[in-house]
1. Based on alpha-carbon atoms only, what is the radius of gyration of region B:124-175 relative to the globular estimate 2.2 N^0.38 Å?
2. Please arrange A:109, A:273 by how many other C-beta atoms lie within 10 Å of their C-beta, fewest to most.
3. If you filter region A:122-155 for chymotrypsin sites (Phe, Trp or Tyr not before Pro), then keep DSSP loop positions with at most 16 other Cβ within 10 Å, what is left?
4. Taking every Cα atom in region A:191-332, find the radius of gyration and the maximum pairwise distance Dmax, and write them in Å.
5. Would you grab the residues whose amide H sits under 5 Å from the one on residue A:75? Only those 5+ places off in sequence or on another chain, please, with H modelled 1.01 Å from N.
6. Would you mind pulling out the separation of the Cα centroids of region B:337-414 and region B:140-188, in Å?
7. Which ³J(HN,Hα) values in Hz, rounded to whole numbers, follow from the phi angles of region A:262-274 under the Karplus curve 6.51 cos²θ - 1.76 cosθ + 1.60, where θ = phi - 60° and Gly and Pro get x?
8. Based only on Cα atoms, what mean projected area does the convex hull of region B:320-414 have, in nm²?
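What follows draws every value from the coordinates through simple rules; no lab data is involved. This one's a predicted model, so the numbers in the text were calculated from it and none came from an experiment. As a convention, Cβ positions derive from the backbone with ideal geometry for all residues, glycine included, and neighbour counts pool all protein chains shown.
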Amino acid sequence: MRDPQMNHTKQRPDGRSASAGGGAATAAPPPAPARARRRPASRQWAAWAFLAPVTLYLVVFYAYPLYRNVDLSLRHYTVRSFVQGNAPFTGLKNYETVFDDPTFGPALMHTVVFTTVCLFFQYAIGLALAVFFHQNFRLSATLRALFLVPWLLPLIVSASTWSWMLNSDSGIVNSVLHTVGIGPVNWLTSPDWSLTSVIIANIWIGVPFNLVVLYSGLQSIPGSLYEAAALDGAGAWRRFWSVTFPLLRPVSAITLLLGLVYTLKVFDIIWIMTKGGPAGSSTTFATWSYQLGFGNLLPAFGPGAAVGNLLVVAALAFGLVYLRVQRKQALS
Amino acid sequence: MHRSSRRRLVAAIALSTVTAVAGTACSSGSGTTDTKGAGGGAYTIWDPYPQFDKTSAWAKLLDECGSKAGVKIKRTAFDTSDLTNKTLLAAQQDNAPDVLIVDNPVVSTLAEAGVLTTTDDNKLDTSEVDPNLLAAGQSGGKTYGTPIGANTLALYYNKAVLKAAGVDVASVKDWQSLTSALEKVKSAGKKGITFSAIGTEEGSFQFLPWFWGSGAKLTELDSAQGESALALWTDWLKKGYAPNSVINNTQTTSWQEFASGDYAFAENGTWQLANADKAGFDYGVLPIPASAGGNASAPTGGEFVTLPVQGDPGRYTTSQKLVTCLTSTENLNATDTALSYVAPTADVQNKQVAAKAGLKPWVDAVKAAKGRTSEDLGTKYPKISEQMWKAVQSALSGVESPKDALAKAQSAAQ
């Protein structure tokens, strides 16, 4: 169990440098013709031929859909112009509509709260569990495997199960609360609780991912450091804050970034549990975008795409922050 | 190093093979659409009945109508919520199906998009259809299809629960008597009524009988009548006559609550009849009462058979034959029985009631029902409906009073 994990962690940085190498490969050809002057053209062709499948794939499945989404958000689409394809270009009008919408403020708030709270608890619980399982007691592997269950279940299953458990009248959570003398809580149907409920469900789903990545990060910290710290008289708490936590920083950064991107776009759980309601109290950008584009008999494609693009931009911004931080770390 | 470069080569080859295979798959896909475009060949039918597989009577009926018209049928079943966008996309690619069976409030949206042909163009005969049902498929004086069947909402009641609470169901005639019946049921220790007030079209569908039953109009959500309808629901929730879970209930989960046997009433549709027989308790069906007595208009549910616009107008003749076959008296009877729907023509309705007397209250309810997009609301309806379900959710969850919620909805729906 241990060894594959070790390899796994070691391959992570490798995988990254390989993808960075992909960028370098495009830049590589120029010096190549200089060296191999005899057959520059054929080498160039071969290089392009090898590049073609990936480029084609990227263009067809990433660049074009993204372009279409931007295009959708910049035109005034009605159902008629969607079909006939003559929607007038309206610039940033759709974005204005979205910003002026009374849903915008609350949705932004909910998205920020949902993302930060989920991210904090997922990371904290995931890290605590990872440190706990790192001690390798008996059955730790089995228990760790059990903790992965939320990750393996299809989202529709876990979200439906949560909404049954949190049902106001027949849910198990309220019946447990009842036995300890607490009155029923309208988890999904009260505007004060709906956001909390979807956050709880999402934390439960996100913990295993954090656990796995952080656990494999822990494996790469040399045991000798802990021994040295113990010899210096550091207690468990001190060892965690002075050895584990700082050495885990690169892994933590990527975990948090990936977690952020996953959490920003969480849609299924919220939609299945509350449909963003009641009264918009658990609407995030992701559910709002869907609501605009598909949740109505008369789809509003333009504003829906605009909200979706705002999400893409937010995720991209955090991605750039991550890259910057990483470069700084590599330089220092 | 050597090994890794070889690995990369293998990966590149593998990737290009995948792309090549995907490429062929795509081109063979477009090949079939080409044959379709050339006239003749297979006729495509899209329907929202994924519950019927290839061996079902419905699929066989389609094939039979196809062979009568001398063409092959290619049928695809979609989830009903998927069908609108799938159709819009297909129409955008000039690839719409020859025959489309679609939920009735969507017809006006698709018509607005220019996706559907009118009965003037496609020569469908709709003279036998009940006018109140046909109205859901009409906008701007044109008709865009013919209903394959209709359903609507009524109140199911559990006879045992009502008896135990000492309620005579004949006394339930208006909102006041219904509310006092619920009060009796609650004090007898049972649960009152369940319905679906979820934040989707389903929620609006379920609220409409009460909204219309109050005398309110969809063009004026914040009228005093509309407010009284929403106040009725809100009070039921406050007093515990209806469970709090209705805010999140779909019609299916609401039915499950009723099927548990604890509830006196459930607002649900014709399509639950088959399940009601399986529920294991004695039930009855009651039209939804209007505010001051009499029956409220419930909204019509059910699908329309439509003929989407084709690049080759020559195809309409055959498509029209297909639809005429599907909606012939004999076939309508079979189809609507299978779907647990009420037929759209008086002729078939009589046959249905003769075969199953329990359908009588449903036939009456369908006759009194109103299309959601009728009265020339057309594509205005979806906007109004969205604001209406939002108002219902706000009021039931206590965010706003019914009055404020509806006032906000009215100004947003403009």
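1. 1.92
2. A:109, A:273
3. Sparse-neighbourhood loop chymotrypsin sites (Phe, Trp or Tyr not before Pro): A:137.
4. 20.4, 70
5. Under 5 Å from the amide H of residue A:75: A:90.
6. 14 Å
7. 4, 6, 3, 9, 4, 10, 4, 4, 5, 5, 5, 7, 9
8. On the way: hull surface 35.8 nm².
In nm², the orientation-averaged hull projection of region B:320-414 is 9.0.
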